[in-house]
Amino acid sequence: MNYPFELQRREAAAIRVRREKAAPLAVSAKEEGETPHEADPHGVGLGRLPPRTVGLALSGGRIRAAIFSLGILQALAKKGRLRSIDFLSTVSGGGYTGSFLGRLFTRGSIAILAETKGDPCARVESILGDDSSLQIKWLRENACHPVSAGGSDVRQHFALLWRNLVTVYLIFALLGLALFGLLRLVGDWIARFVGVPGVAVALGPVAATALSSWWWLPPTLLGVTVVPCAIAYWLAPKQDSRASFSFFPVAGWITLLAFLALVAGLLSGFFSALIAIFVLLLAAVWLEIARRQLPPNLDPSSGETSADPGTVIRNRLTRALGEALVLVLLSILWTVVDTVARGFALGQLNSFIAAWTILVVFITPFLHRAATFLYASASKKDSRGRHSSLFTSAAFRAGIIRFSIAGLLLVLLDGAVHWLFNQRSAWGCAALLAGAVLSLIFGRAFDFLNYSALPDACGAWISHAFLGASNPARISASASQDGRDVQIVHPDDDIAFEQYHPEAYGGPLHLIGLCVNETVDAFSERAVPERKGLPMCVGPCGVSVGRKFHAIWASPPRADKLPWRVRLRRVLDGAIPVAEGAKTALRPIPVPGELFHVLQGTTDWPVCVESLRLSRWIAISGAAFGMGSGRAASLPIFLLLGLVNLRLAYWWDSGLSASDRPGRFPGNLWSRLKGQSAALVKMQSLLLSDCLGRFHGPAHRFWNISDGGYFDNTGIYELLRRRVPFIIAVDGSEEASSDFGDLAGLVRQARIDLGAEVQFVDPATAANKLPAWILGWLSDPAETIGSLQEIGQPDRRHAALAHVTYNSDQEPATWIVLLKASVTGDESLDIASFKRNNPDFPSPPANERFFDDAQWESYRDLGKHIGDIVLSYDSRKPSAPEFEFTKNVP
């Protein structure tokens with residue numbers, strides 16, 4: 001199920017259409033290695049990818065990877081090879097350039113050529129091959145717009161950050177008013193019965209007054225959950241036993257109960273003994289709870305016992321104990337915070353809070369830069385290749401900053417609530433009511449999740465700069481027209497994804513790589529220690545999630561077939577009706593032998609997923625910094641990033657609630673209780689998930705989707721899934737150490753997920769094994785391609801060759817030519833000069849932000865240079881007439 005036949009059939013048909021549009025004067029099917037239709041009367045071969053399928057992978061690496069990839073595209077265009085690219089797989093920064101190419105193919109003038117049997121690829125190749133074309137000029141002037149911004153851009157960027165940050169804090173403040181107000185009311189009511197502990201009274205009236213009314217919660221949780229669960233573990237039945245309990249522990253338990261009862265009777269109801277008796281009896285209750293709903297083959301009463309019930313019971317009790325310990329820890333933290341807040345509201349801790357506030361205010365201007373630095377440092381190792389120790393790690397430093405600031409904010413908000421109640425109860429109740437009502441209203445405002453995050457601004461920039469580069473209204477506009485201003489939206493820049501089909505006009509099938517963040521296992525609710533994300537690919541024919549879940553684009557069902565919640569939401573939002581025939585829904589491809597599917601509902605109707613535009617998908621794929629950062633980040637890093645609202649993941653509505661997916665593993669009672677409480681303020685709970693880094697993956701309604709580079713930064717993974725025979729991999733990643741960590745990750749993931757063995761080989765010895773048609777793509781591979789170790793070395797190579805086999809050579813092999821951004825000394829004078837003045841070029845540190853004209857041109861020319869020397873001309877390239885792109889062209 002790596003690549004189901006239905007998805008392959010649709011993509012194969014799209015490639016055949018693409019080839020007809022791309023090469024109106026193409027060679028015969030025999031020369032292309034294609035089986036003629038008449039030789040395959042049943043059409044079986046037409047369901048497979050055509051022979052000699054070629055894929056181009058553009059890696060991540062932010063804007064520098066995009067510009068380096070642009071140079072490679074120019075080299076491909078110059079050599080007439082662009083028309084032969086069937087698949088374009090992009091990740092992160094490579095998607096910027098990939099979307100520019102795809103949008104160029106969908107422009108009116110190119111589409112007309114394709115529809116009138118002209119040569120659209122010749123037109124696109126002439127645009128890319130000309131360094132002075134209007135499109136390349138636009139990119140040169142505007143592609144680095146957000147990272148080398150001028151004064152007006154800085155003001156706009158600051159306004160964006162300030163607006164989003166203040167609104168996020170306001171949303172949390174309203175929820176805090178409701179929650180802290182409710183806790184104050186309930187706490188005061190309970191305090192009438194529990195009173196104040198003697199220790200606080202002995203410390204004086206100040207301590208007694210400021211002590212949180214929830215002081216009793218930690219010891220109560222300890223006695224009701226932690227201690228009984230620990231005792232119940234030892235009372236559980238032994239392994240390989242049909243008894244309902246362990247004899248000797250239960251005998252000791254009964255003896256202890258009798259002794260405590262005797263002590264309580266002799267000492268006239270000694271209170272401590274009564275509490276101990278109660279705790280011991282609770283242990284029996286917890287044991288019975290753990291025994292409930294055992295599987296039939298584990299229930300001794302069923303007579304079908306084939307496994308050990310004691311092991312299951314003990315496992316349940318251990319998990320319950322873990323949850324109980326977390327609750328005790330949280331209750332202690334809350335008691336401390338609430339006590340400090342009460343003291344602050346009474347004016348008893350003014351000097352302490354003032355000093356704390358001054359310290360936080362002092363570090364606040366540096367928070368954004370600190371978050372950037374600590375995030376970039378999270379996965380780094382020292383000079384000996386080891387990770388930092390606890391006290392020198394980025395996570396520890398981030399924790400000190402984040403918890404001190406978050407603690408102060410909680411104290412100030414809780415203190416404000418206590419002050420309102422201390423002044424007048426009506427004031428506090430009014431704040432409670434306002435916060436609760438507004439939080440419930442905002443709890444359904446799911447659009448706020450994404451409008452307050454940076455992908456919204458990132459998508460706008462991509463639309464203006466990269467998609468706008470092929471917009472005649474921009475590139476042909478006069479200086480006095482609004483279209484020339486890259487900061488102003490133009491409606492013709494972007495395109496709805498269901499209308500984005502460059503393959504229909506001779507361009508490649510564009511596969512956009514993303515990552516569905518999954519830091520919490522959907523079945524066990526435990527933290528995922530390694531991958532923390534699943535690959536997701538959005539293409540013109542369908543969507544793939546993980547290794548086995550796939551769906552194809554389809555027309556949505558009729559309005560009367562939609563769930564009432566979806567219809568109500570559309571009415572409230574005033575949604576524009578979907579155009580007839582628009583394929584905005586997803587029909588799942590069943591997984592053999594499994595009922596569960598991440599995109600399968602309870603009906604057979606296609607799922608109406610959230611429909612996005614091209615710029616938004618590319619922005620999500622290129623969100624190379626922020627929450628959902630995958631493997632490198634930890635809880636303190638997540639919290640610090642959340643503090644400054646550096647959220648670049650997108651909460652995508654899959655159209656299915658967790659309960660709508662048949663075959664889903666049912667959660668336990670505690671998980672369902674937590675889910676029900678979070679559902680009341682769903683939007684805020686998702687925001688909190690961002691800050692805590694807890695993502696439940698694709699088993700829930702909202703998927704946290706981010707940069708595809710968090711799973712595979714090369715863009716090769718999806719092409720290997722399709723077993724494309726020839727892949728040109730463009731690597732513009734930020735691997736300053738040249739340790740090829742992204743490639744190593746790909747090799748590992750391809751072996752585990754796809755059964756593919758990727759081995760880099762010596763091109764001199766592999767030349768005899770290369771098919772002749774692949775050799776025709778390369779210009780003297782023995783001289784221009786070397787080993788991985790030779791890449792970037794003086795007087796060495798820019799490219800390497802890899803051989804991929806599947807399932808022990810049972811399938812046709814794949815050949816990969818890796819074009820790595822590297823400087824070896826054979827470059828032009830301006831590149832050599834830029835290298836001398838910037839030793840880290842072309843792999844600067846990941847946190848470098850400045851990008852000027854010299855850097856832009858150096859990356860572009862480097863990509864073009866490497867493509868020129870590694871790739872060969874297509875001898876069948878037709879002569880391309882000169883065209884002029886004017887504002888009058890539709």
**Fill in**
Computed ³J(HN,Hα) along the range 438-455: with the Karplus parameters 6.51/-1.76/1.60, θ = phi - 60°, integer Hz and x for glycine or proline, the list is 5, 5, 5, 5, 5, x, 9, 7, 5, 4, 4, 3, 9, 5, 8, 9, 7, x
**Phi to ³J(HN,Hα) by Karplus 6.51 cos²θ - 1.76 cosθ + 1.60 over the range 723-733, Hz, x for Gly, Pro** = 6, 5, x, 9, 10, 9, 9, 9, 10, x, 6
**Most to least packed among 710-716, 4-10, 88-94, 448-454 [average Cβ atoms within 10 Å]** = 88-94, 710-716, 448-454, 4-10
**Message:** Let me check I've understood the local charge: for Leu183, count other residues with C-beta under 10 angstrom from its C-beta, Lys and Arg +1, Asp and Glu -1. What total comes out?
**Reply:** -2
**Asked** Which cross-chain or sequence-distant (5 or more) residues have an amide H under 5 Å from the amide H of Gly533, H modelled 1.01 Å from N in plane?
**Response** Glu518
**Message:** Leaving ligands and nucleic acids out of the surface, order Glu323, Glu790 by accessible area at 1.4 Å, largest first.
**Reply:** Glu323, Glu790
**Prompt:** Taking 0.36 nm per residue of separation and subtracting the Cα-Cα distance, what length does fully extending Asn422 through Ser828 add?
**Reply:** 138.7 nm
**Request:** For Ser132 and Ala261, compute 0.36 nm times the residue count separating them, minus their Cα-Cα distance, and round to one decimal in nm.
**Result:** 37.0 nm
**Message:** Order Thr602, Thr318, Thr805 by their accessible area, 1.4 angstrom probe, all chains in place, largest first.
**Reply:** Thr602, Thr318, Thr805
**Request:** Report, by chain and number, residues whose modeled amide H sits under 5 Å from the one on Phe726, excluding near sequence neighbours (fewer than 5 apart, same chain).
**Result:** Gly55, Trp815
**Fill in**
Hits in the range 156-185: amide N under 17 Å from the 7 Å Cα→Cβ extension of Ala434, namely 167, 169-182
**Request:** Mind listing the long-range amide H neighbours of Ala554? Cut-off is under 5 Å, sequence gap 5 or more, other chains count too, H placed in the peptide plane at 1.01 Å from N.
**Result:** Thr584, Ala585, Leu586, Arg587
**Neighbourhood net charge (9 Å Cβ-Cβ; Lys/Arg +1, Asp/Glu -1) for Gly539** = -2
**Message:** Per residue of the range 544-554, what does 6.51 cos²θ - 1.76 cosθ + 1.60 with θ = phi - 60° give for ³J(HN,Hα)? Whole Hz please, x for Gly and Pro, Karplus curve as stated.
**Reply:** 10, 10, x, 8, 10, 9, 9, 8, 10, 5, 8
**Item:** Residues Lys117 and Ile488, FRET efficiency given R0 of 45 Å [Cβ-Cβ distance, rounded to 0.05]
**Value:** 0.75
**Asked** Any idea what the relative contact order of the range 745-828 is, in percent, if you count C-alpha pairs under 8 Å spaced at least 6 apart?
**Response** 27
**Request:** Arrange the residues Glu594, Glu20 by how much accessible surface each exposes, largest first, with a 1.4 angstrom probe.
**Result:** Glu20, Glu594
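Can you give the FRET efficiency to the nearest 0.05 for Ser677 and Glu580, using r as the Cβ-Cβ distance and R₀ = 35 Å?
Taking R0 as 35 Å, the efficiency between Ser677 and Glu580 is 0.25.
The values are calculated or read from the model by the stated rules, or taken from the named source; none is laboratory data. Everything quoted here is computed from the prediction, not taken from an experiment. Reconstructed Cβ throughout: ideal geometry from the backbone, glycine too, with neighbour counts over all protein chains shown. Remember, those area values only see protein heavy atoms, side chains included, never the ligands or the DNA or RNA. Shrake-Rupley method; radii C 1.70, N 1.55, O 1.52, S 1.80 Å.
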